[in-house]
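What follows draws every value from the coordinates through simple rules; no lab data is involved. It should be emphasised that the depicted structure is a prediction, and the values quoted were computed from it without experimental measurement. Positions of Cβ are generated from backbone atoms using ideal geometry, with glycine treated the same way; all protein chains shown enter the neighbour counts.
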Amino acid sequence: MKLNEIYQGNSLKLINQIDDESVDLIVCDGPYGVTSNEWDRVTNIQEYNLNLIKLFSRVLKPGGALYLFGKDDCIDFIDYRPCLTLNSKIIWYQPSRLAQGRTNYTNNYDLICYFSKGKARTFNLDAVRVPQLVELEHRLRCERVPSVANGQYGKTKFNQDGKNPGDVWGDIKQLTYKSKELISREVLNTIQKPEKLIERIIKASSCEGDLVLDPFVGVGTTLAVCKKLKRHYIGFELNGDFVEITKSRLSEIEMEQKHRLFA
């Protein structure tokens, strides 16, 4: 398959055309199995995701990464260990969601499962640091602890550039009807993710020139971020309208880049 292209069709079939161990990072924001949308109708989301993991394992390079989006049960009761290593379950916390639950607690987060093929080869912490929200007095007191000051935890000292974002991401807000980057109200909350969210993933687990696969492109946010961050990409999308939207987004980014280059 050619790099930096979006292919229209069924991702479960198209992925068979990708060479073994050729992809550095996969960003998979596919079906959740929780809505009535046709693209989201999955009989058993766990079995569906296990099949995806098996397919992804073949095309990922050793040390390559997969970020799989879903709800809290998206990988429950399945054995993914023969294929990939689960490093973290990241909580993307969205406190602005309407709390409509009347018989149970409303779900206020999405799960992002961070896998790698063996030990992760790339984790660019300095590219994704976030501000230290800790009082100076408390920070200094913690750094005086012997195991931090002179021991094995010395590298955990305060870093002026910020800290590891951790596995609960509450600093990146979901899109709203007023978001400038929103493509259409029809894709709000179900299809389009904020660029900042995808940017953190791509910066952390890939480097310039790496190949990123998005098997469920939607309106093209992952591919757009890849183009801005100088990553190669391959994308799959079944919906022809979304394919055209993505191509338009990519063309606009290319025009902006050329304008800056010759300005």
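Ordering ASN51, ILE191, ILE172 by Cα displacement along the dipole of the chain toward the positive end leaves ILE172 in first place; charges were set at the Cβ atoms of Lys, Arg (+1) and Asp, Glu (-1). Give me the one-decimal nm value for the distance between modelled label points at GLN132 and ASN159, 7 Å along each residue's Cα-to-Cβ direction. Inter-label distance under the simple model: 1.1 nm.
The C-alpha atoms of the chain occupy a region whose extents along the principal axes are 59, 59, 43 Å, arranged from largest to smallest. The calculated FRET efficiency for CYS207 paired with GLN100, based on their beta-carbon distance and R0 = 41 Å, is about 0.45. For segment 1-122, the dipole from Cβ point charges (+1 on Lys and Arg, -1 on Asp and Glu) about the Cα centre works out to 220 debye, to the nearest 20.
Legend: distances between Cα atoms for LYS54/LYS180; LYS13/LYS193; LYS71/LYS196; LYS13/LYS119; LYS119/LYS178; pairs beyond 30 Å are LYS54/LYS180; LYS119/LYS178.
Think of each Lys and Arg Cβ as +1 and each Asp and Glu Cβ as -1; about the Cα centre, that makes the dipole of the chain roughly 700 debye.
For LYS173, the aspartates and glutamates whose Cα comes closer than 15 Å to its Cα, not counting residues fewer than 8 places off in the same chain, are ASP110, GLU181, GLU195, GLU199. Label positions at ASP40 and ASN189, each projected 7 Å from the Cα along the C-beta direction, are separated by 0.9 nm. Taking the number of Cβ atoms within 10 Å of each Cβ as an exposure proxy, the fewest-first ranking of VAL168, VAL23, VAL187 is VAL168, VAL187, VAL23. Note on the chain: antiparallel DSSP beta bridges, both residues inside, total approximately 45 percent of the bridges counted. Per-residue packing, averaged as other Cβ atoms within 10 Å, sorts the ranges 212-222, 243-253, 228-238 into the order 212-222, 228-238, 243-253, beginning with the highest. Ordering GLY209, ASN10, GLY235 by Cα displacement along the dipole of the chain toward the positive end leaves GLY209 in first place; charges were set at the Cβ atoms of Lys, Arg (+1) and Asp, Glu (-1). With helices as the sole contributors, the chain gives -8500 deg cm²/dmol at 222 nm; each DSSP H run of n ≥ 4 counts as -39500 (n - 2.57), and the sum is divided by every residue.
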